[in-house]
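Presented below is the structure to which this report refers.
The values are calculated or read from the model by the stated rules, or taken from the named source; none is laboratory data. Quantities reported herein were computed from a predicted structural model and do not represent experimental measurements. FYI the Cβ positions are ideal-geometry reconstructions off the backbone, even for glycines, and counts take in every protein chain you see.
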(Lines give C-alpha, C1' and ligand atoms only; values in the text may rest on other atoms or scores of the structure.)
Protein backbone atom coordinates (compact mmCIF):
# COMPACT_ATOMS: atom_id res chain seq x y z
CA UNK A 1 0.00 0.00 0.00
CA UNK A 2 1.13 3.54 -0.70
CA UNK A 3 1.22 5.59 2.47
CA UNK A 4 3.76 8.33 3.19
CA UNK A 5 5.58 7.35 -0.01
CA UNK A 6 5.79 3.64 0.77
CA UNK A 7 4.81 1.05 -1.83
CA UNK A 8 5.00 -2.66 -2.35
CA UNK A 9 6.58 -2.96 -5.78
CA UNK A 10 8.35 -5.22 -8.23
CA UNK A 11 11.92 -4.57 -9.43
CA UNK A 12 12.14 -0.83 -9.02
CA UNK A 13 9.28 -2.22 -10.01
CA UNK A 14 5.92 -2.29 -8.27
CA UNK A 15 6.27 -5.81 -6.83
CA UNK A 16 8.65 -5.58 -3.86
CA UNK A 17 8.37 -3.11 -1.00
CA UNK A 18 10.29 0.08 -1.71
CA UNK A 19 10.42 3.21 0.38
CA UNK A 20 10.21 6.66 -1.13
CA UNK A 21 11.36 9.81 0.59
CA UNK A 22 8.55 11.65 2.31
CA UNK A 23 7.86 15.28 1.56
CA UNK A 24 7.55 17.73 4.41
CA UNK A 25 3.97 17.72 5.62
CA UNK A 26 2.03 20.92 5.06
CA UNK A 27 -0.64 22.38 7.32
CA UNK A 28 -4.18 21.38 6.44
CA UNK A 29 -5.04 24.94 5.47
CA UNK A 30 -2.29 25.00 2.81
CA UNK A 31 -3.56 27.14 -0.08
CA UNK A 32 -3.53 24.30 -2.63
CA UNK A 33 -6.14 22.51 -0.55
CA UNK A 34 -8.56 25.31 -1.36
CA UNK A 35 -8.63 23.93 -4.89
CA UNK A 36 -7.95 27.03 -6.94
CA UNK A 37 -8.83 25.79 -10.42
CA UNK A 38 -8.54 28.80 -12.70
CA UNK A 39 -6.94 27.49 -15.88
CA UNK A 40 -7.52 23.89 -14.78
CA UNK A 41 -11.23 23.58 -15.58
CA UNK A 42 -12.81 21.30 -18.16
CA UNK A 43 -13.41 24.22 -20.52
CA UNK A 44 -9.67 24.92 -20.37
CA UNK A 45 -9.02 21.26 -21.13
CA UNK A 46 -11.25 21.40 -24.23
CA UNK A 47 -9.54 24.54 -25.50
CA UNK A 48 -6.15 22.91 -25.05
CA UNK A 49 -7.26 19.74 -26.84
CA UNK A 50 -8.47 21.73 -29.85
CA UNK A 51 -4.93 22.86 -30.56
CA UNK A 52 -3.09 19.88 -29.06
CA UNK A 53 -4.67 16.55 -30.07
CA UNK A 54 -2.42 14.49 -27.81
CA UNK A 55 -3.11 11.59 -25.48
CA UNK A 56 -3.93 12.85 -21.99
CA UNK A 57 -4.03 10.23 -19.22
CA UNK A 58 -7.14 10.06 -17.03
CA UNK A 59 -6.81 9.66 -13.25
CA UNK A 60 -9.42 8.30 -10.86
CA UNK A 61 -9.95 6.42 -7.60
CA UNK A 62 -11.86 3.18 -7.07
CA UNK A 63 -13.35 2.72 -3.62
CA UNK A 64 -13.91 -0.57 -1.83
CA UNK A 65 -16.45 -1.40 0.84
CA UNK A 66 -17.70 1.29 3.21
CA UNK A 67 -15.52 -0.02 6.03
CA UNK A 68 -12.41 -0.15 3.82
CA UNK A 69 -10.04 2.83 3.93
CA UNK A 70 -7.90 1.50 1.09
CA UNK A 71 -8.63 2.64 -2.48
CA UNK A 72 -7.12 2.13 -5.92
CA UNK A 73 -5.59 5.06 -7.77
CA UNK A 74 -5.87 4.43 -11.52
CA UNK A 75 -4.18 6.09 -14.49
CA UNK A 76 -5.66 5.35 -17.91
CA UNK A 77 -4.22 6.03 -21.36
CA UNK A 78 -7.21 6.53 -23.72
CA UNK A 79 -5.47 5.63 -27.00
CA UNK A 80 -3.92 2.32 -25.95
CA UNK A 81 -6.44 1.56 -23.15
CA UNK A 82 -3.49 0.78 -20.89
CA UNK A 83 -4.40 1.29 -17.24
CA UNK A 84 -2.16 1.40 -14.19
CA UNK A 85 -3.50 0.89 -10.68
CA UNK A 86 -1.92 1.51 -7.29
CA UNK A 87 -3.33 0.71 -3.89
CA UNK A 88 -3.45 3.64 -1.46
CA UNK A 89 -3.81 3.03 2.25
CA UNK A 90 -6.27 5.92 2.52
CA UNK A 91 -8.15 8.14 0.08
CA UNK A 92 -6.19 11.31 0.82
CA UNK A 93 -4.51 13.99 -1.24
CA UNK A 94 -1.25 13.23 0.56
CA UNK A 95 -1.31 9.63 -0.65
CA UNK A 96 -2.16 10.66 -4.22
CA UNK A 97 0.82 13.02 -4.30
CA UNK A 98 3.00 10.29 -2.76
CA UNK A 99 1.96 7.89 -5.52
CA UNK A 100 2.81 10.38 -8.26
CA UNK A 101 6.13 11.05 -6.51
CA UNK A 102 6.81 7.32 -6.50
CA UNK A 103 6.03 7.06 -10.21
CA UNK A 104 8.35 9.94 -10.99
CA UNK A 105 11.15 8.31 -9.00
CA UNK A 106 10.67 4.99 -10.79
CA UNK A 107 10.43 6.45 -14.29
CA UNK A 108 12.77 9.38 -13.84
CA UNK A 109 11.61 12.94 -14.22
CA UNK A 110 12.06 13.18 -17.99
CA UNK A 111 10.15 9.97 -18.77
CA UNK A 112 7.42 10.93 -16.30
CA UNK A 113 7.01 14.26 -18.07
CA UNK A 114 6.90 12.50 -21.44
CA UNK A 115 4.19 10.06 -20.34
CA UNK A 116 2.19 12.36 -18.04
CA UNK A 117 2.62 15.93 -19.31
CA UNK A 118 -1.10 16.50 -18.66
CA UNK A 119 -3.59 14.55 -16.55
CA UNK A 120 -7.36 14.96 -16.29
CA UNK A 121 -9.19 13.89 -13.15
CA UNK A 122 -12.37 14.61 -11.19
CA UNK A 123 -13.19 16.89 -8.27
CA UNK A 124 -12.88 14.33 -5.47
CA UNK A 125 -11.18 15.51 -2.30
CA UNK A 126 -8.13 13.29 -2.85
CA UNK A 127 -7.25 15.37 -5.92
CA UNK A 128 -7.39 18.72 -4.11
CA UNK A 129 -3.64 19.32 -3.84
CA UNK A 130 -3.04 20.73 -7.32
CA UNK A 131 0.38 22.11 -6.45
CA UNK A 132 1.53 18.82 -4.95
CA UNK A 133 0.37 16.75 -7.90
CA UNK A 134 2.00 19.07 -10.42
CA UNK A 135 5.29 19.68 -8.61
CA UNK A 136 8.30 17.51 -9.46
CA UNK A 137 10.27 15.82 -6.71
CA UNK A 138 13.22 17.78 -8.11
CA UNK A 139 11.43 21.13 -8.04
CA UNK A 140 9.60 22.84 -10.87
CA UNK A 141 6.62 21.30 -12.65
CA UNK A 142 6.24 17.70 -13.81
CA UNK A 143 2.68 17.82 -15.20
CA UNK A 144 -0.45 19.95 -15.52
CA UNK A 145 -3.74 18.86 -13.99
CA UNK A 146 -7.16 19.42 -15.55
CA UNK A 147 -10.48 18.72 -13.83
CA UNK A 148 -13.77 17.41 -15.18
CA UNK A 149 -16.96 19.26 -14.34
CA UNK A 150 -18.65 18.09 -11.13
CA UNK A 151 -20.85 15.02 -11.58
CA UNK A 152 -19.68 14.38 -15.15
CA UNK A 153 -17.74 11.10 -15.05
CA UNK A 154 -18.28 10.71 -18.80
CA UNK A 155 -15.72 13.48 -19.34
CA UNK A 156 -13.11 10.85 -18.53
CA UNK A 157 -15.30 8.02 -19.70
CA UNK A 158 -12.52 5.78 -20.94
CA UNK A 159 -11.14 5.47 -17.44
CA UNK A 160 -14.57 4.81 -15.96
CA UNK A 161 -15.38 2.21 -18.63
CA UNK A 162 -12.11 0.36 -18.11
CA UNK A 163 -12.87 0.04 -14.41
CA UNK A 164 -15.40 -2.61 -15.44
CA UNK A 165 -12.49 -4.98 -15.99
CA UNK A 166 -11.29 -4.36 -12.44
CA UNK A 167 -14.78 -5.12 -11.17
CA UNK A 168 -14.66 -8.49 -12.91
CA UNK A 169 -11.92 -9.42 -10.45
CA UNK A 170 -12.75 -7.28 -7.40
CA UNK A 171 -16.49 -6.89 -7.04
CA UNK A 172 -18.10 -3.68 -5.81
CA UNK A 173 -18.43 -3.32 -2.05
CA UNK A 174 -15.42 -5.61 -1.57
CA UNK A 175 -12.83 -4.48 0.95
CA UNK A 176 -9.50 -3.58 -0.63
CA UNK A 177 -7.64 -4.01 2.65
CA UNK A 178 -6.48 -7.62 2.00
CA UNK A 179 -4.80 -6.80 -1.30
CA UNK A 180 -1.14 -5.99 -1.81
CA UNK A 181 0.35 -4.00 -4.67
CA UNK A 182 1.58 -7.32 -6.07
CA UNK A 183 -2.06 -8.49 -6.27
CA UNK A 184 -3.15 -5.30 -8.01
CA UNK A 185 -0.23 -5.39 -10.45
CA UNK A 186 -1.03 -9.01 -11.33
CA UNK A 187 -4.66 -8.11 -11.97
CA UNK A 188 -3.68 -5.19 -14.21
CA UNK A 189 -1.26 -7.40 -16.17
CA UNK A 190 -4.19 -9.69 -16.99
CA UNK A 191 -6.46 -6.75 -17.87
CA UNK A 192 -3.84 -5.02 -20.01
CA UNK A 193 -3.11 -8.28 -21.85
CA UNK A 194 -6.76 -8.80 -22.83
CA UNK A 195 -7.25 -8.19 -26.56
CA UNK A 196 -9.98 -5.67 -27.47
CA UNK A 197 -12.21 -5.40 -30.50
CA UNK A 198 -11.92 -1.60 -30.41
CA UNK A 199 -8.13 -2.02 -30.61
CA UNK A 200 -8.46 -4.16 -33.76
CA UNK A 201 -7.64 -7.34 -31.90
CA UNK A 202 -4.64 -5.94 -30.05
CA UNK A 203 -4.23 -5.70 -26.30
CA UNK A 204 -3.41 -2.49 -24.41
CA UNK A 205 -0.05 -4.01 -23.53
CA UNK A 206 0.78 -4.73 -27.18
CA UNK A 207 -0.05 -1.17 -28.23
CA UNK A 208 1.86 0.29 -25.30
CA UNK A 209 4.96 -1.64 -26.35
CA UNK A 210 4.59 -0.23 -29.87
CA UNK A 211 3.73 3.38 -28.98
CA UNK A 212 5.52 4.19 -25.73
CA UNK A 213 9.22 4.29 -24.83
CA UNK A 214 10.57 0.82 -24.03
CA UNK A 215 11.72 1.98 -20.62
CA UNK A 216 8.15 2.82 -19.62
CA UNK A 217 6.82 -0.74 -19.52
CA UNK A 218 10.17 -2.14 -18.35
CA UNK A 219 10.61 0.21 -15.41
CA UNK A 220 7.04 -0.35 -14.25
CA UNK A 221 7.55 -4.10 -14.48
CA UNK A 222 4.49 -4.61 -16.70
CA UNK A 223 4.19 -8.19 -17.93
CA UNK A 224 2.22 -9.63 -20.84
CA UNK A 225 -0.02 -12.59 -20.00
CA UNK A 226 -0.50 -15.15 -22.83
CA UNK A 227 -4.10 -15.10 -24.15
CA UNK A 228 -4.89 -18.61 -22.92
CA UNK A 229 -3.67 -17.78 -19.41
CA UNK A 230 -5.73 -14.63 -18.86
CA UNK A 231 -8.08 -14.87 -15.87
CA UNK A 232 -10.57 -12.10 -15.14
CA UNK A 233 -13.06 -13.68 -12.67
CA UNK A 234 -12.49 -13.17 -8.92
CA UNK A 235 -10.59 -16.46 -8.70
CA UNK A 236 -7.54 -14.64 -10.13
CA UNK A 237 -6.96 -13.24 -6.64
CA UNK A 238 -7.77 -15.78 -3.95
CA UNK A 239 -8.49 -13.00 -1.45
CA UNK A 240 -11.55 -12.06 -3.53
CA UNK A 241 -13.19 -15.34 -2.63
CA UNK A 242 -12.47 -14.95 1.07
CA UNK A 243 -13.73 -11.36 1.18
CA UNK A 244 -17.16 -12.04 -0.32
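Just a few scattered comments:
- Of the criteria (1) more than 18 Å from the chain's Cα centre (by Cα); (2) at positive phi, which one residue 229 fails: (2)
- Filtering the range 76-105 to residues that are under 14 Å from the mean Cα position of the chain (by Cα) and assigned to a helix (DSSP H, G or I) leaves 93, 95, 96, 97, 98, 99, 100, 101, 102, 103, 104.
- The range 200-216 residues that are on the phi > 0 side of the Ramachandran plot, paired with ones that are surrounded by 13 or more Cβ atoms within 10 Å (Cβ to Cβ) (beta carbon under 6 Å, 6 or more apart): 201/195
- Criterion: surrounded by 14 or more Cβ atoms within 10 Å (Cβ to Cβ), modelled with pLDDT under 95 and within 16 Å of the chain's Cα centre (by Cα) - qualifying residue of 239, 156: 156
Here is a yes/no grid of residues against (1) at pLDDT 95 or above; (2) within 30 Å of residue 186 (Cα to Cα); (3) surrounded by fewer than 21 Cβ atoms within 10 Å (Cβ to Cβ):
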position: 27; (1), (2), (3): no, no, yes
position: 53; (1), (2), (3): no, no, yes
position: 59; (1), (2), (3): yes, yes, no
position: 64; (1), (2), (3): no, yes, no
position: 78; (1), (2), (3): yes, yes, yes
position: 88; (1), (2), (3): yes, yes, no
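- When the range 129-151 is filtered for residues that are crowded, with 18+ Cβ neighbours inside 10 Å and either in contact with a strand residue (DSSP E or B) (Cβ under 9 Å, 6 or more places away or on another chain) or within 13 Å of residue 59 (Cα to Cα) (or both), the ones remaining, listed by number, are 130, 133, 134, 135, 142, 143, 144, 145, 146, 147, 148.
- Against the conditions (1) crowded, with 20+ Cβ neighbours inside 10 Å; (2) farther than 23 Å from residue 235 by Cα; (3) in contact with a helix residue (DSSP H, G or I) (Cβ under 7 Å, 6 or more places away or on another chain); (4) touching a residue at least 40 places away in the same chain (Cβ under 8 Å), residue 96 satisfies every one except (4).
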